[in-house]
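The structure appears below as structure tokens.
The values are calculated or read from the model by the stated rules, or taken from the named source; none is laboratory data. Quantities reported herein were computed from a predicted structural model and do not represent experimental measurements. Reconstructed Cβ throughout: ideal geometry from the backbone, glycine too, with neighbour counts over all protein chains shown.
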Amino acid sequence: MLKFENDRSKYPEKNADGTNIIDLESGKFLKIWQGPIHPGMTGNMSLELIIQGDEIMECKTHVGYLHRGFEKLMERRRFIQCFPICVRIAVPEPDFNEYCLAATIEELAGIEVPDAAEWMRTLLLEMARLQSYLAWIGGQAGAFGMGIIGQWTIWARDLVLDRFEEISGGRIYHMHMPPGGVRSLLPYGFEGRMKDTLDKVSQIMVDVERVMFNNSVFKKRSVGLGYIDPLWVEEYGITGPNARGAGIPKDVRKDYPYLKYGELDFEVSLGTDSDAFTRADVRRRDILTTIDLIRQIVERVPKNGEFMAEVPNVLHWKIPKGETYIRSECTRGEYGYYTVTDGSGYPRRINVRGPSYTHAIALMERMAINLNISDTAGVMSSLHTYPPEVER
Amino acid sequence: MKELIERLGTKFPVNETVFQRDNLTFITTDKIHAIELITHLRDYEGFSHLVIITAVDWIEEGLFQLTYLLNNPKLKVDMGVRVMIDRKEATMTSSHHLWAAVATYQRELYEMFGIFFPGSPRIKEPFILEGWDGPPPYRRDFDTKKYAEDTYFPRPGRETHDPAEHMKEKMYPEGS
């Protein structure tokens, strides 16, 4: 009969200051690197893991493989030149960067955005949320060995990208929200095509629920995995679905209604169990909310009217000295821009607050301890992190 | 917010207040009282969510501005606590004991701006720039273009060929 003689809580032994005594020469421990190129990693980052058997004892997150110095680059660019740079910070959802940058500039320069532009921005942000979530489901399912889900949802995401292409001409980077408003209103016949797309995405979501969320392998592996204590939410600065999965209703759209969210009817999806399954379910319900929101918004976007406020010549645009912070709710949580101006034609400092900054570093390092090595990818995906937000 | 600022003013030195929006205020305090003020805001005024810690380089005045942006989830208001520190002696009291996420911000500030936080966990471990031995790159006096030109160009040993001539040589070595 199999007997566990040793008390696992005693391993590894501790120093007086609480740190682990890890001697790699002893043969009891092994150091392995997961990433930066690894199918279970969410982007270019790596985990330096100390394992004993298949259990993780220590974890250190390493980022920097994608550092391009966006914040520094923007300090040397005119405000309008920052625009094509900022979208590259979060590849799967560049629109939140566009909105936050434009909104900080508008607030500091005292520009009021027309009503139609606000509706368009709300629509674009919700479409960005939908396509980003659809890409995420594939990653989460793939981490637990279900490749087919990703194939379905990437197809559905492409349909949403088609609609983006219709509006802005771009599929991934849209650059449709310059400071002052938007570049255009909806093209002719967009409503009908959007409705078709949403119907198809809804059908895919029904299939995903049946195949993924009722799958015994997915349930067995994700229920109870990657628990986030509600007390950690403030300690680690957790926002978005990771906090909502723990039962804490943090949603910038509800808490600080920006653009037209105050006029829309929606509920924030919440979970109670705070494990990987709950977070996945919160995101699935978020997708359904987003589909409903897009239907509401498309009905209310003005068909004509002013969509761009008058802005000065952008090549000679000087903004008075000041500083501000604008936040929005992206798929992963609070996305914010802290912009400081000094009265010149260039920003003095732009700091990007990506939700992954706290989720991928401090939180992941804590959550990885005592995790089974095969579950690391599942936990990473359930935190939904993007390294470029950390490195900027 | 005005009442809160008045209340804070009785306990801590609050030098400059900017009411940016209804729900966003910036205050400036001095280096000695800053962490005490932030602890007070967290423990007694409900500013429990740390949004960001970042620095702004005011090279002309020889100062770094550290901004601690705090959020009160119940009242739905934000407060930015600004601390001006000397650029030449860029050291600030660590606040890693207040939030678990702070150590990461401080590691980044040390690496990017050279602002040192004594006692902060793993402060000297490389964060984003592993293997970097240059000056802190986010300081205003760090010239990215000059650094790139000095470090990366011209690449020794790089040969260029005129495509037409090169192909002619390869295909017809005899010159026929």
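Of all residues in region A:136-149, which are touching a helix residue (DSSP H, G or I) at 6+ places or on another chain (Cβ under 6 Å) and crowded, with 20+ Cβ neighbours inside 10 Å?
Residues of region A:136-149 touching a helix residue (DSSP H, G or I) at 6+ places or on another chain (Cβ under 6 Å): A:137-144, A:149.
Scanning region A:136-149 gives A:Ile137, A:Gly138, A:Gly139, A:Gln140, A:Ala141, A:Ala143, A:Phe144, A:Ile149.
Which residue out of A:Gly333, A:Gly354 is in contact (Cβ under 8 Å) with a residue 12 or more places away in the chain, surrounded by 15 or more Cβ atoms within 10 Å (Cβ to Cβ) and at positive phi?
Numbers: A:Gly354 fails: at positive phi.
Exactly one of A:Gly333, A:Gly354 is in contact (Cβ under 8 Å) with a residue 12 or more places away in the chain, surrounded by 15 or more Cβ atoms within 10 Å (Cβ to Cβ) and at positive phi, namely A:Gly333.
Let me confirm something: among A:Gly336, A:Gly322, A:Gly354, which residue is in contact with a helix residue (DSSP H, G or I) (Cβ under 8 Å, 6 or more places away or on another chain), within 23 Å of A:Arg78 (Cα to Cα) and modelled with pLDDT under 90? Show your work before the answer.
Working: A:Gly336 fails: modelled with pLDDT under 90; A:Gly322 fails: modelled with pLDDT under 90.
Only one candidate passes the filter, namely A:Gly354.
Which ones in region A:201-244 are assigned to a loop (DSSP other than H, G, I, E, B), closer than 28 Å to A:Met127 by Cβ and hydroxyl-bearing (Ser, Thr, Tyr)?
Within region A:201-244, just A:Thr239 meets the criteria.
B:Ala55 versus (1) within 12 Å of chain A (Cβ to nearest Cβ); (2) surrounded by 16 or more Cβ atoms within 10 Å (Cβ to Cβ); (3) closer than 23 Å to A:Thr239 by Cβ; (4) out of contact with any Leu (no Cβ under 7 Å at 6 or more places or on another chain): which is the lone unmet condition?
If we test B:Ala55 against (1) within 12 Å of chain A (Cβ to nearest Cβ); (2) surrounded by 16 or more Cβ atoms within 10 Å (Cβ to Cβ); (3) closer than 23 Å to A:Thr239 by Cβ; (4) out of contact with any Leu (no Cβ under 7 Å at 6 or more places or on another chain), just (4) comes out false.
Give me the residue from region A:186-204 that is of a type in the set (Val, Ile, Thr) and within 30 Å of A:Asn304 (Cα to Cα) and, out of that set, surrounded by the fewest Cβ atoms within 10 Å (Cβ to Cβ).
Filtering region A:186-204 down to residues of a type in the set (Val, Ile, Thr) leaves A:197, A:201, A:204.
Among the residues that remain, those that are also within 30 Å of A:Asn304 (Cα to Cα) are: A:197, A:201.
Details: A:Thr197: 21, A:Val201: 24.
Step by step, filter region A:186-204, then rank; the result is A:Thr197.
Of the residues that sit in region A:359-375 and are touching a Cys at 6+ places or on another chain (Cβ under 8 Å) and under 19 Å from B:Ile123 (Cα atoms), which one is surrounded by the fewest Cβ atoms within 10 Å (Cβ to Cβ)?
So the residue we want is A:Glu365.
Which members of region B:76-87 meet the condition of being among the hydrophobic types (A, V, I, L, M, F, W, C), surrounded by fewer than 22 Cβ atoms within 10 Å (Cβ to Cβ) and within 11 Å of another protein chain (Cβ to nearest Cβ)?
First, the residues of region B:76-87 that are among the hydrophobic types (A, V, I, L, M, F, W, C): B:77, B:79, B:81, B:83-85.
So of that shortlist, the ones also surrounded by fewer than 22 Cβ atoms within 10 Å (Cβ to Cβ) come out as B:77, B:84-85.
Within region B:76-87, B:Val77 is the sole residue that qualifies.
Output yes when any residue across region B:141-149 is away from chain A (no Cβ under 14 Å), at pLDDT below 85 and closer than 30 Å to B:Glu111 by Cα, and no when none is.
yes
Among the residues of region A:296-316, which ones are farther than 24 Å from A:Phe190 by Cα and in contact with a helix residue (DSSP H, G or I) (Cβ under 6 Å, 6 or more places away or on another chain)?
Matches in region A:296-316: A:Val314 only.
I'm told A:Arg78 meets every condition in (1) surrounded by fewer than 19 Cβ atoms within 10 Å (Cβ to Cβ); (2) within 22 Å of the chain's Cα centre (by Cα); (3) assigned by TED's automatic domain parsing to the domain that holds A:Met364 except one. Can you identify the failing condition by its number?
(2)
Considering region B:106-130 alone, what residues qualify as being more than 9 Å from every other protein chain (Cβ to nearest Cβ) and not in a helix (DSSP H, G or I)?
B:Gly114, B:Ile115, B:Phe116, B:Phe117, B:Pro118, B:Gly119, B:Ser120, B:Pro121, B:Ile123, B:Lys124 - these are the residues of region B:106-130 that are more than 9 Å from every other protein chain (Cβ to nearest Cβ) and not in a helix (DSSP H, G or I).
From the list B:Leu8, B:Leu50, which one is in a helix (DSSP H, G or I) and aliphatic (A, V, I, L, M)? Show your work before the answer.
Values: B:Leu50 fails: in a helix (DSSP H, G or I).
After applying the criteria, what remains is B:Leu8.
Given the condition surrounded by fewer than 18 Cβ atoms within 10 Å (Cβ to Cβ) and in the same structural domain as A:Thr289 (by TED's automatic domain parsing), answer yes or no: does some residue in region A:178-185 qualify?
Of all residues in region A:178-185, those surrounded by fewer than 18 Cβ atoms within 10 Å (Cβ to Cβ) come to A:183-184.
From the residues that got through so far, the ones that are in the same structural domain as A:Thr289 (by TED's automatic domain parsing) too are A:183-184.
Among the residues of region A:178-185, at least one is surrounded by fewer than 18 Cβ atoms within 10 Å (Cβ to Cβ) and in the same structural domain as A:Thr289 (by TED's automatic domain parsing), which makes the answer yes.
Under 8 Å by Cβ, and 6 or more places apart or on different chains, what pairs join a residue from region A:34-56 that is hydroxyl-bearing (Ser, Thr, Tyr) with one that is surrounded by fewer than 17 Cβ atoms within 10 Å (Cβ to Cβ)?
Within 8 Å, the pairs are A:Ser46/A:Trp33; A:Ser46/A:His38.
Aromatic (Phe, Trp, Tyr) and free of Cβ contacts under 8 Å to residues at least 12 places away in the same chain: is that true of A:Tyr188 in this structure?
Details: aromatic (Phe, Trp, Tyr): yes; free of Cβ contacts under 8 Å to residues at least 12 places away in the same chain: yes.
Criteria met by A:Tyr188.
Pick from region A:205-237 the residues that are among the β-branched types (Val, Ile, Thr) and buried (at least 20 other Cβ atoms within 10 Å of the Cβ): which of them is farthest from the other protein chains (Cβ to nearest Cβ)? Working first, answer last.
Pass one, region A:205-237, residues among the β-branched types (Val, Ile, Thr): A:206, A:208, A:211, A:217, A:223, A:228, A:233.
Still in the running and buried (at least 20 other Cβ atoms within 10 Å of the Cβ): A:208, A:228, A:233.
Numbers: A:Val208: 32, A:Ile228: 12, A:Val233: 8 Å.
Ranking the qualifying residues of region A:205-237, first place goes to A:Val208.
Does region A:35-47 contain any residue that is hydroxyl-bearing (Ser, Thr, Tyr), outside any loop (DSSP other than H, G, I, E, B) and at pLDDT 80 or above?
Of the residues in region A:35-47, the ones hydroxyl-bearing (Ser, Thr, Tyr) are A:42, A:46.
Narrowing the set further to residues that are outside any loop (DSSP other than H, G, I, E, B) leaves A:46.
When the remaining residues are screened for being at pLDDT 80 or above, the result is A:46.
Within region A:35-47, one or more residues are hydroxyl-bearing (Ser, Thr, Tyr), outside any loop (DSSP other than H, G, I, E, B) and at pLDDT 80 or above.
Given the conditions (1) under 20 Å from A:Glu93 (Cα atoms); (2) surrounded by fewer than 19 Cβ atoms within 10 Å (Cβ to Cβ); (3) among the hydrophobic types (A, V, I, L, M, F, W, C), report the number of the one that A:Leu383 does not fulfil.
Condition (2) is where A:Leu383 drops out.
Is one or more of the residues making up region A:297-313 crowded, with 23+ Cβ neighbours inside 10 Å and either of a type in the set (A, V, I, L, M) or outside any helix (DSSP H, G or I) (or both)? Steps first, please.
As a first pass, look at region A:297-313 and keep what is crowded, with 23+ Cβ neighbours inside 10 Å: A:297.
Next, only the ones that are either of a type in the set (A, V, I, L, M) or outside any helix (DSSP H, G or I) (or both) stay: A:297.
Looking for residues that are crowded, with 23+ Cβ neighbours inside 10 Å and either of a type in the set (A, V, I, L, M) or outside any helix (DSSP H, G or I) (or both), one finds at least one in region A:297-313, hence yes.
Which of the numbered conditions does A:Arg348 fail, given that it passes all the others? Conditions: (1) surrounded by fewer than 22 Cβ atoms within 10 Å (Cβ to Cβ); (2) within 14 Å of chain B (Cβ to nearest Cβ); (3) more than 21 Å from A:Ile85 (Cβ to Cβ).
Of the numbered conditions (1) surrounded by fewer than 22 Cβ atoms within 10 Å (Cβ to Cβ); (2) within 14 Å of chain B (Cβ to nearest Cβ); (3) more than 21 Å from A:Ile85 (Cβ to Cβ), the odd one out for A:Arg348 is (3).
All but one of (1) surrounded by fewer than 22 Cβ atoms within 10 Å (Cβ to Cβ); (2) not in a loop (DSSP other than H, G, I, E, B) hold for B:Glu61, so report the exception by its number.
All conditions are met except number (2).
Please determine, by comparing only the residues of region A:47-83 that are more than 23 Å from A:Thr339 (Cα to Cα) and of a type in the set (D, E, K, R), which one is nearest to the other protein chains (Cβ to nearest Cβ).
Ranking the candidates gives A:Lys60 first.
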